[in-house]
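Computed from the coordinates by the stated procedures, all read-outs in this text should not be read as laboratory data. Since this is a predicted model, take the numbers as computed values, not measurements. All Cβ positions, glycine included, derive from the backbone under ideal geometry; neighbour counts span all protein chains shown.
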Amino acid sequence: MIESMQLLYFIAVSVALTLLPGPDILFVLSISVSQGKKAGMATASGLCTGLLFHTTATALGISAIVYRSALAFTVVKYAGALYLLYLAFKALKESGTLFSSFDVKETDVQLLFRRGIVMNILNPKVSLFFLAFLPQFVSTGAGNVPMQMVFLGVVFLAQALIVFFLVAIFAGLIGSRIMQIPNAGKYVNWAKAGIFSVIGLELALSDR
C-alpha cells in the first residue's frame, strides 16, 4: 500500500521522535533504573500496547472527536495526570527499596505492563499526535486510508518497542551499578517520583 522509500522515511522520522525526551521514554527510563531491565521492558510493552488503542482511534476518527470536544479532552487529560501523580506517591512509599532485574516477579511484570497501557491510553496527546502525524504519510491514491493508518500505527509501535527495549536494557545496566551504592534506593525512588510528578503536572497543564 505504501511505497518503500516513503515507509523508510516514516520509520526514520518515527525513531527520531521516539528518542526525543517525552513522557513514555522517561517512564521507561525511570522504571528501568529503579527496578531493572525486565521491569522496564514490561513497562515498554504496556506503553506500546496502548498505542494500538490510539492507532485504532485515529483510523476510526475517534481522535478527531476527542480533539473537537473540550470536555472529552479535559476529562482524559486530568485522569492521566491523576494516575501519574498516584504513581509518584507509590514511588515515594517505596523510598527505601531498590529492585534488581532478578527480583521482579511475574505479578510485578503484569502490573507494570498494565500500568504502561493505562498511562498511554489516558494521555490524549498521544491520540492527537497520531492524528497529526500519520495522515502525512497516507496516500489517498494507494487504497483504503484507514487501513494505511493502521499499518503505519503498527510500524510506529514496532520501532517504539525496539527503541524502548534498548533504553530499558541500557538503563537497567546503569541501575544495577547504582544499586551497589548505600541508600541509593531512597534517592532513585525520589527521582522516579519527581519524574512522574513532572510528567503528570505537564499533562494537566497542557492544551490541545
**Study point:** Segments 144-156, 25-37 sorted - mean Cβ within 10 Å per residue, highest first
**Key:** 25-37, 144-156
Practice item. Provide the FRET efficiency to the nearest 0.05 for the Glu3-Ile169 pair, computing r from the beta carbons and using R0 = 22 Å. Key: 0.10
Point to revise | q = 0.14, 0.24 Å⁻¹, the stretch 1-57: log10 I(q)/I(0) [Debye, one scatterer per Cα] | key: -0.50, -1.00
Revision key, fill the gap. FRET efficiency for Val154 and Tyr78 from the Cβ-Cβ distance with R0 = 35 Å, rounded to 0.05, comes out at 0.75
Review point. Applying 1/(1 + (r/R0)^6) with R0 = 22 Å to the Cβ-Cβ distance of Met147 and Val198, what FRET efficiency is obtained, to the nearest 0.05?
Key: 0.05
Revision key, fill the gap. Hits in the stretch 13-42: amide N under 18 Å from the 7 Å Cα→Cβ extension of Arg177, namely 29-38
